[in-house]
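Since the structure comes first, as structure tokens, the remarks are kept for the end.
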Amino acid sequence: MRSADRQLELLERLQALLRESKYTTTYKFALLHALCDLALELPAGEHTVPLDKVAQRVIDLYWQQVIPFQAPRGAALVSLKQSTGGPAAAVALVESWRKRHRPGAGPVAQRVRDYAPAMLAVLRKDVLRRLQSSGKPILYREPIGAQHLELLPGVPETLRRFHGLLTDMIQVRWTAWIERRNPAVSGSDALRGHLFGVDRVSLRAVVEPMLKLQNGRCFYSGARITARSAEVDHVLPWSLTHNNSVGNLVLASKAANLAKRDRLPTAVEARTWMQRNTAYEDALQSIADKTGLRWDPEGLKCLGGWLLAK
């Protein structure tokens, strides 16, 4: 079978999987989203995904979602139900971990790595072996290894090529599932943004240290900026990557940030950005340690390579 035909077949099977209405939790959505995101960070020819990274990415997805949602015209905050029965174990774990995290309690990124084994235990029990339960495996080989998922031939390439389409489908289905189980938030245009939007509040923590790194100037225009006027921008757009690692962040003026919107960086911007990440690796690692955001230069390099080669 030709590569294009295999990719189309996989897309059709994933669409069928997402159309299922028997989900008792949102776990399958989270696992599929995590695999799509991690495929972007795999080197060319690599088909194995570390299970601890899968667990960490699932934690990242739920980290924002456990915050009670304020519907635009709602009278009260709503703790979103993500299970048809009692509390979903994975969500309950993330909620408890988030409540424990206080300023000064240590970087969130390090905590997420510490929490990964507990999340992986839930994924092994309830998700990994059930996602492909109807028929032959479509994404990864079974039985599942002790430390890695082995993606089937053509799967990483398909997940990368159709990342935007697939994550959009997953988010639409995930949001609709939550609306059905949480009538109080049904029909809210803000719900999807709450579930999957970037946490701008936490990103503000990078402003002060990164302002020093950029000598008080906009990354794109070179204009003078201050801590008050600086805006945090994703060099590789959030809408395409869902990547909040420190290496993907720069400070920009409001005008430059507005002008860039969701476009990819130009060749000159990309070269400057990559040089910045190499030259200031220690400083960026320090910012990651202090803010709790990820610092993953190898994954980010692969991610940039795939997107900028298009």
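Largest first, please: the extent of the C-alpha atoms of region 201-308 along each principal axis, to the nearest Å.
Extents along the principal axes, in whole Å: 33, 30, 25.
On a C-alpha basis, how far is the centre of region 184-231 from the centre of region 39-98 in Å? Whole number, if you could?
So the separation of the two Cα centres works out to 21 Å.
Straight-line reach from Lys81: which lysines have a Cα under 22 Å away, not including same-chain ones fewer than 8 places off?
Lys22, Lys28, Lys99, Lys125
On full extension of the chain, what length is gained from Gln110 through Ser79, given 0.36 nm per residue of separation minus the C-alpha to C-alpha distance?
Details: separation 31, 0.36 × 31 = 11.16 nm, distance 2.58 nm.
Between Gln110 and Ser79, full extension yields an extra 8.6 nm.
Let a ≥ b ≥ c be the square roots of the eigenvalues of the Cα gyration tensor of region 16-151; is it rounded (a/c under 1.5), or, if not, prolate (a/b larger than b/c) or oblate?
Oblate is the answer for region 16-151, as a/c is 1.5 or above yet b/c matches or exceeds a/b.
Find me the longest stretch of the chain that has none of the exposed GluC sites (Glu not before Pro), where exposed means in a DSSP loop (not H, G, I, E or B) with at most 12 other Cβ atoms within 10 Å.
Segment 47-310 is the longest.
Where does each of His234, His101 land when they are ranked from fewest to most other beta-carbon atoms within 10 angstrom?
Taking fewest neighbouring Cβ atoms as first place, the list is His101, His234.
Which of Leu159, Leu35, Leu240 moves most in a GNM of the chain, Cα contacts under 10 Å?
Largest GNM mean-square fluctuation: Leu240.
Taking springs between alpha-carbon atoms closer than 10 angstrom, which of Ala88, Ala146, Ala55 fluctuates most in the Gaussian network model of the chain?
Ala146
Pop the C-beta distance of Arg2 and Asp262 into the FRET formula with R0 = 45 Å and round what comes out to the nearest 0.05.
Between Arg2 and Asp262 the formula returns 0.90.
Using the C-alpha atoms of the chain, what convex hull volume per residue, in cubic angstrom, is computed?
146
What does the extension gain come out to for Glu12 and Lys99, with contour length at 0.36 nm per residue minus their alpha carbon separation?
Here the answer is 27.4 nm.
Count charges around Ala121 for me, please; just the other residues with Cβ under 13 Å from its Cβ, Lys/Arg as +1, Asp/Glu as -1. Mind dumping the intermediate values first?
Values: positive: Arg124, Lys125, Arg129; negative: Asp52, Asp126.
Summing Lys/Arg as +1 and Asp/Glu as -1 gives +1.
Among Val235, Val206, Val268, which one moves the most in a GNM of the chain with springs linking Cα atoms closer than 10 Å?
Result: Val268 has the largest fluctuation of those listed.
Which lysines have a Cα less than 29 Å from the Cα of Lys260, not counting those fewer than 8 places away in the same chain?
List returned: Lys212, Lys290, Lys301, Lys310.
Any number yet on Rg/Rh for region 142-234, C-alpha, Kirkwood?
1.15
Charges at C-beta only: +1 for Lys and Arg, -1 for Asp and Glu. How large is the resulting dipole of the chain about its Cα centre, in Debye rounded to 20? Before the final figure, lay out the partial values.
Values: 44 positive and 29 negative charges, 127 e Å.
Here the chain has a charge dipole of around 600 debye.
Using 7 Å Cα-to-Cβ label points, what is the Glu142/Thr226 separation (nm, one decimal)?
My value for the distance between the label points is 6.0 nm.
What ³J(HN,Hα) values, in whole Hz, does the Karplus curve 6.51 cos²θ - 1.76 cosθ + 1.60 give for region 224-230 when θ = phi - 60°, with x put for Gly and Pro?
5, 9, 10, 4, 6, 8, 5
Enumerate by residue number the trypsin sites (Lys or Arg not before Pro) in region 134-230 meeting two conditions: DSSP loop (anything except H, G, I, E, B), and at most 12 other Cβ atoms within 10 Å of the site's Cβ.
Answer by residue number: Arg228.
Read-outs throughout are calculated quantities, based only on the coordinates presented, and are distinct from any laboratory measurement. Because the structure is predicted, anything quoted here is derived from the model rather than measured. Neighbour counts are summed over all protein chains in view; Cβ atoms, including those assigned to glycine, are modelled from backbone coordinates with ideal geometry.
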